[in-house]
Amino acid sequence: MTTDTFKTATRFGSFGGAFAPETLMAALLELEQAWLASREDRGFSAELAQLLEHYAGRRTPLYHARGLSTELGVDVWFKREDLLHTGAHKLNNSLGQALLAKRMGKQRILAETGAGQHGVATATACALLDLECVIYMGAVDAARQRPNLLRMELLGARVEVVEQGQATLKDAINEAMRAWVGDPTAHYLLGSALGPHPFPSIVAHYQSIIGCEARAQWQEQAEGLPDALIACVGGGSNAIGLFRGFLDDPAVRLIGVEAGGHGVETGKHAARFSGGSPGILHGCYTYLLQDDDGQVLPTHSVSAGLDYPAVGPEHAALAALHRAEYTSCSDTEALLGFERLARSEGILPALESSHAIGWLISNASALEGQRVIVNLSGRGDKDIDTIARIREQGS
């Protein structure tokens, strides 16, 4: 398998596809054609590259975490997406899609958000490019990510708080897609590498800059190749962005860490590969948490960004090909990862990224002496209130 296999795929093996209402099929085809054309347009690519460098702050560093490395006996490097403007990797995709929407003559942007980072990134891109912005956010996530809700509003976005269902990310996507069905002339700026084709390929394309940079930076700062890459996986955009830089290197392990919540055995988790099965959700065929009748099951994670019942189809394909391995990290382990990184390196990671760190800490003995890159997909400012509440409850 080579990276070319998935670059413009309509399906990833048996996964993916476009299971969408007829109302949206013309919009999806228009989007696919515009995206493919933009990839051949040097002017478009140059404009996006300029914004990523001078506005967003790329390249982000590849940082050798010597303190944590010494503590764990593992040579740990962090890809510092937390240092990107707006505080997470999400801006890579939001800028790309917002520019694409302008190219298509769209003036109205719809988006969903869970942890709020995609919402903030989209509101930022829309403010920059003078686009109307409407963002759907579950009520539970709006409460636990209040600072990001305020940031979106300050940036000029209208935030629609969703009360239906569990009032988390799945329900925000439901409402955003309903709104798009009602106004297919708008552009739905989907935030993760999931949904109907061409979204998984588009988002992975814009996030692949993470892996391309990490590979080049590794060759500048170290020798050979890393032994493993580790990234948290909700929908999976930050992980697929990192993994794509090393797909052609079979010696490099690709490790995706899902939200184990209170434990897979409890049913209160978001570990799709451990507790799920193939099915269709939000327009694509992939692994999801569902019952025997195909009804989507409730999920739980301390992290709003990982609290989602399905995974991107490219991850499902990589698992089926045994090219990537997927595991999980509990809420407790993630919180320990947050505290450990804060105290050993002076970095507050997002609770999403804390799952990758927590898993690394719990499995350090099996990785002793190895060199690993962990994608630090976002910073933890947004999670301070959540951490404070948990600490108060535990005192």
Response to the item:
Within region 156-179, restricting to residues that are closer than 17 Å to CYS126 by Cα and more than 19 Å from the chain's Cα centre (by Cα), the one that is surrounded by the fewest Cβ atoms within 10 Å (Cβ to Cβ) is ARG158
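Do you know which residues across region 310-326 are out of contact with any Pro (no Cβ under 8 Å at 6 or more places or on another chain) and within 26 Å of GLY116 (Cβ to Cβ)? Lay out the reasoning, then the answer.
Step one: list which residues in region 310-326 are out of contact with any Pro (no Cβ under 8 Å at 6 or more places or on another chain), which gives 310-311, 315, 317-322, 324-326.
Across region 310-326, the qualifying residues are ALA310, VAL311, HIS315, TYR326.
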Discussion item. Between GLU325, GLU339, which is of a type outside the set (A, V, I, L, M), in contact with a strand residue (DSSP E or B) (Cβ under 9 Å, 6 or more places away or on another chain) and at negative phi?
Written reply: GLU325
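Just to check your reading of the model, which residue among ALA121, ALA101, ALA49 is part of a helix (DSSP H, G or I) and farther than 24 Å from PHE243 by Cβ?
That would be ALA101, the only listed residue that is part of a helix (DSSP H, G or I) and farther than 24 Å from PHE243 by Cβ.
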Fill in: Criterion violated by THR86 - all others in (1) of a type in the set (Val, Ile, Thr); (2) within 28 Å of ASP307 (Cβ to Cβ); (3) more than 18 Å from the chain's Cα centre (by Cα) satisfied
(3)
Item to complete: Examine region 267-286 for a residue that is buried (at least 18 other Cβ atoms within 10 Å of the Cβ) and at pLDDT below 95, and state whether such a residue exists.
Response: yes
Item to complete: Sort out which residues of region 60-90 are more than 13 Å from SER377 (Cα to Cα) and either in the same structural domain as GLN117 (by TED's automatic domain parsing) or among the polar types (S, T, N, Q) (or both), and write them in order of number.
Response: SER69, THR70
Item to complete: Might you check whether a residue that is within 16 Å of ILE173 (Cβ to Cβ) and under 21 Å from the mean Cα position of the chain (by Cα) occurs anywhere in region 123-132?
Response: no
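At least 1 residues that are in contact with a strand residue (DSSP E or B) (Cβ under 9 Å, 6 or more places away or on another chain), assigned by TED's automatic domain parsing to the domain that holds LEU36 and under 30 Å from ALA142 (Cβ atoms) in each: list the strands (runs of 3 or more DSSP E) lying fully within region 158-263 that qualify. Reasoning before the result, please.
Numbers: elements: 158-162, 228-232, 253-261.
It comes to 158-162.
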Discussion item. For ILE135, only one of the following conditions fails: (1) of a type outside the set (Gly, Ala, Ser); (2) part of a helix (DSSP H, G or I); (3) touching a Ser or Thr at 6+ places or on another chain (Cβ under 7 Å). What is its number?
Written reply: (2)
Worksheet entry | Of all residues making up region 321-345, the number that are hydrophobic (A, V, I, L, M, F, W, C) and under 20 Å from PHE243 (Cβ atoms) | 3
Practice prompt. Just one of (1) over 23 Å from ALA26 (Cα atoms); (2) modelled with pLDDT under 95 trips up THR185, so point out which.
Written response: (1)
Practice prompt. Look through region 169-202, keep the residues that are among the charged types (D, E, K, R) and free of Cβ contacts under 8 Å to residues at least 40 places away in the same chain, and return whichever of them is nearest to GLN117 (Cα to Cα).
Written response: ASP171
Fill in: Qualifying residue in region 17-30 (condition: among the β-branched types (Val, Ile, Thr), in a helix (DSSP H, G or I) and either assigned by TED's automatic domain parsing to the domain that holds ILE109 or over 30 Å from LEU341 (Cα atoms) (or both))
yes
Worksheet item: List pairs: first in region 248-259 and loosely packed, with under 13 Cβ neighbours inside 10 Å, second among the small types (Gly, Ala, Ser), Cβ under 7 Å, 6+ apart or cross-chain?
Response: none
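The values are calculated or read from the model by the stated rules, or taken from the named source; none is laboratory data. Source: prediction; values computed, not measured. Every residue, glycine among them, receives a Cβ derived from its backbone with ideal geometry; neighbour counts consider all protein chains shown.
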